Amino acid sequence: MSDNRGADIVQQFFPGTGMTYDHIVNLCTFGCDRWWKRKILEKIPPGSTRIMDQACGTGILTFRIAQKFPRSQIVGVDVTEEYLEIAKAKAGNLGLRNVEFILGRAEDVLLERSFDCITSSYLAKYAELGILVPNIRKMLRDGGILIMHDFTYPARRPFALLWEGYFKLLQTLGVWKYPQWKTIFDGLPGLLRETAWVSELVRILRANHFSGITVQFHTFDTSAIVTATKDQAALRIR
């Protein structure tokens with residue numbers, strides 16, 4: 001998104017949903033969220049010692065990273081305090097000491113530490129990518145990896161029709177069962193129809209001298225993972 005609308009949407013969507021978030025994200029993706037997260041984990045470079053997880057939410061991806069890379073320092077960033085409080089409690093219950101959390105918009109968090117990898121899941125559609133990507137570049141070490149995952153609207157008509165029908169179901173039965181999710185179930189389809197986050201992200205990555213950019217669509221084109229490498233050599237050549 002090109003303005004602060006994304007942050008406003010997040011503030012509208014998520015209050016009061018923290019306690020049910022982990023259950024809903026698994027239920028409503030038919031378990032695909034776990035598979036997508038595994039794909040993200042596979043892309044994190046072995047030997048990474050500092051990893052940032054932007055839009056970490058309740059820590060679903062953050063803790064999987066921390067468990068796979070127990071000697072790494074993990075920083076989780078999220079704008080929703082309710083979600084971060086849940087994440088902190090979960091970290092304590094899991095006995096994880098290599099995780100810290102920062103409250104704030106991903107676009108506004110710029111640390112002096114350098115990171116081997118910066119990940120996010122379900123951030124891109126809300127983010128001001130023109131601000132976010134340059135800040136990510138500043139925080140990544142040379143050769144560091146960016147991994148961004150989010151929902152996408154299916155380009156192929158048969159899949160789009162199934163997608164539309166599924167959201168109609170969520171807007172009726174889903175809201176009846178989980179009324180606190182009504183705003184999200186009602187608002188998310190329109191947002192995903194409008195967003196062009198994949199093409200926008202690729203364009204901005206190229207403009208910021210990232211290399212090795214890859215785009216992989218998954219699960220009938222309903223989500224995508226974009227990866228890119230900070231290429232300091234390319235910047236010097238230019």
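The values are calculated or read from the model by the stated rules, or taken from the named source; none is laboratory data. Everything quoted here is computed from the prediction, not taken from an experiment. No Cβ is skipped: glycine too gets one built from the backbone with ideal geometry, and neighbour counts run over all protein chains shown.
Being surrounded by fewer than 17 Cβ atoms within 10 Å (Cβ to Cβ) and either part of a helix (DSSP H, G or I) or modelled with pLDDT of 95 or more (or both) is true for just one of R97, R141, R137, R113. Which residue is that? Going through R97, R141, R137, R113 in turn, the sole match is R141.
Residues are listed down the side, and each one gets a yes or a no for (1) in contact (Cβ under 8 Å) with a residue 40 or more places away in the chain; (2) farther than 24 Å from F14 by Cβ; (3) assigned to a helix (DSSP H, G or I):
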position: N26; (1), (2), (3): no, no, yes
position: S48; (1), (2), (3): yes, yes, no
position: I51; (1), (2), (3): yes, no, no
position: L61; (1), (2), (3): yes, no, yes
position: I65; (1), (2), (3): yes, no, yes
position: R71; (1), (2), (3): no, yes, no
position: L84; (1), (2), (3): no, no, yes
position: A89; (1), (2), (3): no, no, yes
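The condition (being modelled with pLDDT of 95 or more and not in a loop (DSSP other than H, G, I, E, B)) is satisfied by just one residue among L235, L169: L169. Applying a threshold of 8 Å to beta carbon distances and a minimum spacing of six or more residues, or different chains, the list of pairs starting in region 108-133 at a residue that is of a type in the set (K, R) and ending at one that is in a loop (DSSP other than H, G, I, E, B) reads K125/M1; K125/T195. Checking region 91-98 against the condition returns no match, with no residue being within 22 Å of S223 (Cα to Cα) and either of a type in the set (K, R) or touching a residue at least 60 places away in the same chain (Cβ under 8 Å) (or both). Filtered by the rule that a residue be in a helix (DSSP H, G or I) and surrounded by 19 or more Cβ atoms within 10 Å (Cβ to Cβ), region 146-166 gives a lone residue, W163. Name every residue in region 42-68 that is over 11 Å from T119 (Cα atoms) and either in contact with a Leu (Cβ under 9 Å, 6 or more places away or on another chain) or buried (at least 22 other Cβ atoms within 10 Å of the Cβ) (or both), in order of residue number. G57, T58, G59, F63, R64, A66, Q67, K68 - these are the residues of region 42-68 that are over 11 Å from T119 (Cα atoms) and either in contact with a Leu (Cβ under 9 Å, 6 or more places away or on another chain) or buried (at least 22 other Cβ atoms within 10 Å of the Cβ) (or both). Within region 11-30, is even one residue closer than 14 Å to T80 by Cβ, modelled with pLDDT under 90, surrounded by 18 or more Cβ atoms within 10 Å (Cβ to Cβ) and not acidic (D, E)? Checked region 11-30: at least one residue is closer than 14 Å to T80 by Cβ, modelled with pLDDT under 90, surrounded by 18 or more Cβ atoms within 10 Å (Cβ to Cβ) and not acidic (D, E). Scanning region 120-134 for residues that are assigned to a loop (DSSP other than H, G, I, E, B) and either among the acidic types (D, E) or surrounded by fewer than 23 Cβ atoms within 10 Å (Cβ to Cβ) (or both) gives Y122, K125, E128. Residues that are among the aromatic types (F, W, Y) and under 10 Å from the mean Cα position of the chain (by Cα) were ranked within region 110-155; the one that is farthest from C56 (Cα to Cα) is F151. Taken over region 178-227, the residue count meeting the criterion of being closer than 15 Å to A124 by Cβ, hydrophobic (A, V, I, L, M, F, W, C) and assigned to a helix (DSSP H, G or I) is 9. Filtering region 214-238 to residues that are over 17 Å from the mean Cα position of the chain (by Cα) and of a type outside the set (S, T, N, Q) leaves F220, K230, D231, A233, A234, L235, R236, I237, R238.
Looking only at region 187-232, residues that are modelled with pLDDT under 95 and of a type in the set (S, T, N, Q) come to 1 in all. K182 fulfils the conditions (1) in contact (Cβ under 8 Å) with a residue 60 or more places away in the chain; (2) on the phi < 0 side of the Ramachandran plot; (3) touching a helix residue (DSSP H, G or I) at 6+ places or on another chain (Cβ under 9 Å) except for a single criterion, (1).
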